[in-house]
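Working notes for the structure below.
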Amino acid sequence: MIEIRNVTKAYGPLTVLHDISLSIPEGEIMAIVGPSGAGKTTLLQIMGTLDRPDSGSVFFDGKDAFRLKDRELSKFRNLNIGFIFQFHQLLPEFSARENVAMPALIAGKKKKAAFDEAERLLDLLGLADRINHKPAELSGGEKQRAAIARALINNPRIVLADEPTGSLDSHNRDEIREIIASLRESLHQTFVIVTHDPHVASIADRTVTMEDGRITGEVLAEVKNFV
């Protein structure tokens, strides 16, 4: 589904990605692991079209995303890619339902349809009784579950998660880990997860190791971990 070809990225004199090539099939959970400064987040941002490579290409179903004009690329990103960040990035003045519905509203979906889908996803993630609560009224785990629902609202082809459990305690970490695994089984969702946490990486079908801006190894799971 996604193919990264010979991607290089530098910031000034510092090259953070060196000729990266990687393929991600539909329905896979991929973990990207490695030390801080390895280039994991930069690769994820380029994969998600949030940043452009200096050279190389990112193909979705054979189409080079970076050949799109900026407005077309923004629309493509909103409809095809969901994002989960280490810190939930929920807007404090809006309820959980409003936060989750926002990408659908941006995409032009009618308010009722967007809110109905937001409620369905919040219910799926165990937040049916929290839909009208603002982020300050939610626990850390609840905020991250709402962020997952927001990432799913437009039924994206792929969800990119950057340290999605990094700010959580062990209980909430395990809960989010299990949610991600179950979503792949119930929705056939594709995930790429940047993580330092071996417990989170353990649900992956494939683990890619990075160091100094290069891919240094790939390991396929011998047995898929289903929840």
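Table for the structure above
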| item | result |
| --- | --- |
| Selection status of residue 149, small (Gly, Ala, Ser) and closer than 16 Å to residue 89 by Cβ | yes |
| Lone qualifier among 168, 124 - being hydrophobic (A, V, I, L, M, F, W, C), farther than 22 Å from residue 41 by Cα and either modelled with pLDDT under 90 or in contact with a strand residue (DSSP E or B) (Cβ under 7 Å, 6 or more places away or on another chain) (or both) | 124 |
| Residue list for segment 187-198, filter: exposed (fewer than 14 other Cβ atoms within 10 Å of the Cβ) and farther than 18 Å from residue 175 by Cα | 188 |
| Count - residues of segment 126-137 that are assigned to a loop (DSSP other than H, G, I, E, B), out of contact with any His (no Cβ under 9 Å at 6 or more places or on another chain) and closer than 16 Å to residue 90 by Cα | 4 |
| Any chance residue 207 is modelled with pLDDT of 90 or more and β-branched (Val, Ile, Thr) | yes |
| Members of segment 130-150 found to be among the aliphatic types (A, V, I, L, M) and open to solvent by 10 Å² or more (accessible area, probe 1.4 Å), listed by number | 131, 136, 138 |
| Any pair with Cβ under 9 angstrom, 6 or more apart, that starts in segment 199-210 at a residue that is open to solvent by less than 10 Å² (accessible area, probe 1.4 Å) and ends at one that is of a type in the set (Asp, Glu) | 200/163; 203/178; 204/28; 208/218 |
| Complete set of residues in segment 156-182 that are part of a helix (DSSP H, G or I) and either open to solvent by 20 Å² or more (accessible area, probe 1.4 Å) or out of contact with any helix residue (DSSP H, G or I) (no Cβ under 7 Å at 6 or more places or on another chain) (or both) | 170, 171, 172, 173, 174, 175, 177, 178, 179, 180, 181, 182 |
| Enumeration of residues in segment 1-20 that are at pLDDT 90 or above, open to solvent by 20 Å² or more (accessible area, probe 1.4 Å) and aliphatic (A, V, I, L, M) | 10, 14, 16 |
| Residues satisfying the stated conditions in segment 63-75, i.e. touching a residue at least 24 places away in the same chain (Cβ under 8 Å) and under 21 Å from residue 20 (Cβ atoms) | 73 |
| Wholly enclosed helices (runs of 4 or more DSSP H) of segment 21-119 bearing at least 1 residues modelled with pLDDT under 90, open to solvent by 50 Å² or more (accessible area, probe 1.4 Å) and touching a helix residue (DSSP H, G or I) at 6+ places or on another chain (Cβ under 6 Å) | none |
| Where residue 214 falls short, out of the listed (1) open to solvent by less than 90 Å² (accessible area, probe 1.4 Å); (2) modelled with pLDDT of 85 or more | (1) |
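The values are calculated or read from the model by the stated rules, or taken from the named source; none is laboratory data. All of these numbers come straight from a predicted model, not from anything done at the bench. Positions of Cβ are backbone-derived with ideal geometry, glycine not excepted, and every protein chain shown enters the neighbour counts. Just the protein is used for accessible areas: all its heavy atoms, side chains included, with ligands, DNA and RNA removed. Shrake-Rupley method; radii C 1.70, N 1.55, O 1.52, S 1.80 Å.
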